[in-house]
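Reading through the structure tokens given below for one structure.
Just so it is clear, none of the values below were taken in a lab; they were calculated from the coordinates. Just so you know, these numbers come straight off a predicted model, no measurement behind them. Because the Cβ atoms are built from the backbone with ideal geometry, glycine has one as well, and the counts that use them run over all protein chains shown.
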Amino acid sequence: MDLLNLINDIQVADPEFADRISPRRAAIKNITSFGSKVAVAALPFAFSTLFKKAYGQTATPSVNDVLNFALTAELTEASFYNTAVSRGIIPSTDSAAIGLIQKDENNHVNFIRGILAGNESNANKARSTAPIVACNFNTWFDFSGGAKGTVPGAGPFADVFNSYPIFLAVAQAFEDTGVRAYKGQAGFLKGNKTVLTAALDIHSVEARHASYLRRLRLLRAPSTVPADFRSWVTGDMTTASGITVSTAATAATNPIYFGEANVTQGGVNIGGIVSTKAATEAFDEPLTSDYVVTNILSNFLKTS
Amino acid sequence: MKTTTQETLVEKGMARRSFLKFAGAGAVAAGVLATAASCQKHGGVVSDPQVVDLGTGDVAVLNFAYALEQLEAAFYTQVIATPYANMTTEEKTLLTEIRDHEIIHREFFKTALAGNAIPALTPNFTSITFSDKASVLGTAKAFEDLGVAAYNGAGYLIQTTAYLELAGKIVSVEARHAALIRNLLGQNLADDTILDPSNGLEKHKTPAEVLAIANKYVSGKPLAAPALGA
């Protein structure tokens, strides 16, 4: 089956079909945005999404959907940093930096809430950012990464508020996730001057956070990362994460770096311009909200 | 459904015209883009020959990014060619990797724009003392902050989703660069000059604001983008 001929054939039968898939050309967009392996896997799903759009069901999130998703991530980060700072595990050398990151995440929560106003989801309204006094979990969050398990606080990062290296690793994981999550939503905000610009302005701050935290891991916890660990994302999986403290920790964070080894951008193979390593680093990859929630946030967000 | 057709198109590194077509431009838009490039016309008005006109529509935004990446690549290439005094091995490694990222960004835009690309710019780096660490890292910080502010401020102008996503993939890498430069300078990841302390948002710039700064580093004809209000 030739996809383009199929679209032409459908256009003959349903003259409005092309309008529905253009200008976003969602299926084509999905092909050019990811490496070929992901594109092949995504194609049937993306194509069926076109039919859902055409015949009544909504496949594209609203601006409020995007903002509520972003707010969930920011609430998680704000609660995380508020707790860590209150526990006194941040060394004085890094208190200015971690303090700024903490302030940014709380500011992001307030900013997004301001735009959403009455459209904030009930789930988000319930999530508290108050520091967790003891333990590594509360009603809404499990920062050990054990939210899917049977025992609260028994996830792979149980020592997140006792060990500065573990805290830094989880912080990096959250920030790199946030970068990919915002990036994955940008297309849904196309042309929206106010909200898209705000999302981009937050997205770059999260990238600064991620970069700075990666450097801190190298400086403060060198035994926990490779000697050539970088502020940018090299390759994928543990090359990208530098998180190898335990098998469970690696398993929990590898999904954050899935697809980051991609060297095909806009249909152009960029691996030969300088090197494959540089090519994987030069572009950060998006993630869909479904993927982020299912594979990453669900380890830290309690469902009850 | 046979998926190998699409897989082949992606893997073979599509020809430039195919890239524009698949990125949503379509046959009609590709014709418009080609016209805009060959005649340097926009809205029927011939552009000023005393400037490097970035063009119109998405071409203008891509050329805007291409111009900045050209300057950054040239800057870091010079930094590595003539390292500042007492540059450490680690600093040289990291700055070389940043250089390589910028070269990749530059070459990517050049390929994507094809016949619509602005010419290679001649940089003016006379204000930079390449032998001095403070001057070099201070300039690096300024370039990276400028790049982030530029991408963030121009994003809403992009009409093609694929281009918006590509810009998004690049801007976070520039922000990573910016933070690393600040690490090397012993500074915090941001300050009030580039991050709004009231809401935690990066302070973006309009294309006009960006070009006013970028043109200080361009020899010969300055960059202009009437289509982007610059």
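Treating r as the C-beta distance of B:V51 and B:Q159 and R0 as 22 Å, the FRET efficiency rounds to 0.40.
Along its principal axes, the range B:50-228 has C-alpha extents of 45, 39, 25 angstrom, given from the largest down.
Run the dipole for the range A:63-299 about the Cα centre, Lys and Arg Cβ at +1, Asp and Glu Cβ at -1, nothing else charged, and hand back the magnitude in debye, nearest 20. Write down the numbers at each step before the final one.
Numbers: 17 positive and 20 negative charges, 46 e Å.
My answer is approximately 220 debye.
One Cα centroid belongs to the range B:179-216, the other to the range A:71-135; the line between them spans 23 Å.
Points 7 angstrom from Cα along the Cβ direction at A:N254 and A:N295: gap in nanometres? Inter-label distance under the simple model: 1.1 nm. FRET efficiency for the pair A:N64 and A:A154, taken as 1/(1 + (r/R0)^6) with r the Cβ-Cβ distance and R0 = 35 Å, rounds to 0.50.
Please report the relative contact order for the range A:63-299, taking Cα pairs under 8 Å with a sequence separation of at least 6, and give it as a percent rounded to a whole number. So the answer I get is 18 percent. Shape call for the range A:63-299 from the C-alpha gyration tensor, a ≥ b ≥ c root eigenvalues: rounded (a/c under 1.5), prolate (a/b greater than b/c) or oblate? In terms of gyration-tensor shape, oblate.
Can you tell me the relative contact order of the range B:55-208? Whole percent, Cα pairs under 8 Å, sequence separation 6 or more.
Details: 152 pairs, mean separation 40.8, N = 154.
Result for the range B:55-208 is 26 percent.
Dividing the Cα radius of gyration of the range A:187-257 by 2.2 N^0.38 Å, with N the residue count, gives 1.37. Please state the shape class of the range B:130-210: rounded when a/c is under 1.5, otherwise prolate if a/b exceeds b/c and oblate if not, all from the C-alpha gyration tensor. Since a/c reaches 1.5 and a/b is larger than b/c, the shape of the range B:130-210 is classed as prolate. For the residue pairs A:K277/A:K302; B:K110/B:K205; A:K183/B:K221; A:K125/A:K193; A:K103/A:K183, alpha carbon separations beyond 31 Å are given by A:K277/A:K302; A:K183/B:K221.
Within 10 Å of each Cβ in B:106-117, how many Cβ atoms from other chains are there, averaged over the peptide? Write out the running numbers ahead of the final one.
Numbers: counts 1, 6, 8, 1, 0, 6, 4, 0, 0, 0, 0, 0.
Across the residues of B:106-117, the mean count of other-chain Cβ atoms within 10 Å is 2.
I need the shape label for the range A:218-304. Rule: rounded when a/c is under 1.5, else prolate if a/b > b/c, else oblate, with a, b, c from the alpha carbon gyration tensor.
Values: a/c = 2.91, a/b = 1.25, b/c = 2.33.
Oblate is the answer for the range A:218-304, as a/c is 1.5 or above yet b/c matches or exceeds a/b.
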